[in-house]
Amino acid sequence: MSPGEPETDRAAQCGAAGDPIIVGSEWGAWSQTPAGRYLLGWEQEQCNAAVADVFGYVALQCGVTELDALAANRMPTRVIAALGADGACGHEGRSLVQVASFEDLPFDGQSLDLVVLAHVLECAPDPHQILREVDRVLRPEGRLVVIGFNPVSFWGARHLAARTLSRPCPPCTGPFIAVQRLRDWIKLLGYGIERGRYGCYRPPCRTQRWLDRWVFMEKAGDRWWPILGSVYTISAVKRVRGMRLIGPAWKKPVAAKGAVPAASQFISLPATRPPTEPAPVNAPGAAPAGKGDGNQR
């Protein structure tokens, strides 16, 4: 979506509000292809590193259920929210919650410590509302992890061409969101960006043989063109400024009983010797004072 494109055009491209944009069967079938396994493998490594040291009580994953984004997290309650068509979830130790839309999550305000959005914003008709909803349910100092496709990449070009020519790859009908725009949206909500990373520099080849031929693009992309990665991850922390109310001092402070004012306290100074007078200095050729007095006597 271009900077001047209104949200109504995006909704028309994605579909009506509330309709599932990523169909579970389509995404599940695509994740078994060589390109899908290549993508999910890189995202799994990044999610493990992003959520491993996030502590709290409740963690939530929204979006692609084939990705176990909370595998390395140690929170006691880990929930996966999926659309009605994405009901299957094979991850152990996860609670599955089916929702009609990610724009209205069934959680209380400030009740979650970690939220992971796996390919949700670029496939939603109103990504701003999803971010506002995440901000509502996330606690102060909570962590937000966003995974999305980069429009300035091989996969972005393939997706743009596939939207007009054939079936999109990956199965997401919405336009991709650039990292710069997403960072601005998150900062406007008062979040602090902690880390971000690009990855998957190989083209979306259909066979594993061709993917292996482009393996040299991984190291070259990390070094020479890191912003051209096909997918990115962004980790942000919700910042809430604390406030302490200081009331007016209606009563004057009363001195404690038995306290002596500082002005009336006696301060003893150490005794000093009186200064001695210097010895008289005789003029040259004059007799000493003692001898002169003796002769006079």
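At-a-glance table
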item	result
Exposure ranking of H91, H119 by accessible area [1.4 Å probe, largest first]	H91, H119
At R0 = 41 Å, FRET efficiency that the Cβ-Cβ distance of F216 and R132 yields, to 0.05	0.45
Gain in span if fully extended, L189 to Q32, counting 0.36 nm per residue against the direct Cα distance	52.9 nm
By accessible area with a 1.4 Å probe, ligands and nucleic acids excluded, highest first: order of R241, R206	R241, R206
R0 of 51 Å, Cβ-Cβ distance R244-A71: FRET efficiency to nearest 0.05	0.80
With DNA, RNA and ligands ignored, accessible area of F102 (1.4 Å probe; Å², nearest 10)	20 Å²
Which of K219, K238, K187 is most accessible, then next, and so on - probe 1.4 Å	K219, K187, K238
Solvent-accessible area, 1.4 Å probe, carbon plus sulfur percent, for the stretch 96-156	48 percent
Rounded FRET efficiency, nearest 0.05, which uses the C-beta distance separating A161 from V237 and R0 of 35 Å	0.40
Label point distance in nm, L228-N48, each placed 7 Å from Cα along Cα→Cβ	2.9 nm
Solvent-accessible area of T33 with every protein chain in place, 1.4 Å probe, in Å² to the nearest 10	50 Å²
Residue-level accessible surface for V215, protein heavy atoms, 1.4 Å, Å²	80 Å²
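The values are calculated or read from the model by the stated rules, or taken from the named source; none is laboratory data. Model, not experiment: these values are computed from the prediction. Glycine also receives a Cβ, built like all others from the backbone with ideal geometry; neighbour counts cover every protein chain displayed. Heads up: the accessible areas ignore ligands, DNA and RNA and are worked out on the full protein's heavy atoms, side chains in. Shrake-Rupley method; radii C 1.70, N 1.55, O 1.52, S 1.80 Å.
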